Amino acid sequence: MTTKQQIFEAAKRRFEREGLAGVSMRTIAKDVGITAMAIYRHYPDKEALTNALMRNGISAWEERVRAIQESDPIQWLHAASEAFLAFALEEPRQYEAAFLLPATQARRYPDDFAAGRSPAVAILHDRIEHAKKLGMIGKVSATDMGLTLSALGQGLISLYQAGRFVGEPEFRAAYRMAMLHCIHSFLRND
């Protein structure tokens, strides 16, 4: 393993245990066994390390999206919402890295998503467009529908993480009900 990889792995471990507050260049250098100045040869600053953590979190999310096997586009959307829930609950630090870190290289709405710079969002848009072609969804842009679903999911997860639900079973039930209603609100009724 290269020194850069060792630094990244040490940063991941610190982030997993302590969040971003536990990730300092000096502490990571000490964890790896290099001088405080040597780390800067591999990562110029904490921002670069934060961006690397974010990219790693996004990669973990994209793996989950690519693993969804549903062929029906509406069922795929339901499966994606379940995958998002599982990601947040099973890998909370990866979820945080992917969606909540103040990373300067994070993709920005709407330009990066409309331009297809996010593989996960590109797949989501593809499934929404497929549903529209099949006449299942009305005249809404894939970008707008994708943002609505993402905002709802992230909002509910944030409420849960902040302790605003009695417990996990209640949260899961509320999340699933809200996502079901949201997805179905886009379906054509004629």
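Every read-out reported here was derived from the displayed coordinates using simple, explicitly stated rules and does not represent laboratory data. Keep in mind that what you see is a predicted model, and the values were worked out from it rather than measured. Note: ideal-geometry Cβ built from the backbone for every residue, glycine included; neighbour counts use all protein chains shown.
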### Task
May I have the count of lysine pairs in the chain with C-alpha atoms under 29 Å apart, counting pairs 8 or more residues apart or located on different chains?
6
### Summary
Rounded to the nearest 10, the angle in degrees between the Cα long axis of helix 119-133 and the longest principal axis of the Cα atoms of the chain comes to 0
### Query
Between R117 and E18, what length in nm is gained on full extension when 0.36 nm per residue of separation is reduced by their alpha carbon distance?
32.6 nm
## Note on the structure
Taking Cα pairs closer than 8 Å and at least 6 residues apart, the relative contact order of the chain in percent is 19
### Query
Check I137: other-chain or 5+ apart residues with amide H under 5 Å from its amide H, H built from backbone geometry?
K132, R188
#### Entry: Residues in region 165-190 reached by a label modelled at E129 [backbone nitrogen below 16 Å; 7 Å Cα→Cβ]
none
### Task
For H184 and E63, compute 0.36 nm times the residue count separating them, minus their Cα-Cα distance, and round to one decimal in nm.
41.0 nm
### Query
What distance in nm separates the simple spin-label points at D144 and L159, each placed 7 Å from Cα in the Cβ direction?
2.4
### Query
What FRET efficiency do you get for E70 and E47 if R0 is 30 Å and r is their Cβ-Cβ distance, rounded to the nearest 0.05?
0.20
### Query
Does anyone have the angle between helix 3-18 and the longest principal axis of the chain? Alpha-carbon axes, 0 to 90°, nearest 10?
70
### Message
With +1 on the Cβ of every Lys and Arg and -1 on the Cβ of every Asp and Glu, and nothing else charged, how large is the dipole of the chain about its Cα centre, in debye rounded to the nearest 20?
### Response
460
### Label-to-label distance, nm, for residues given as M37 and R172 (7 Å Cα→Cβ offset)
5.4
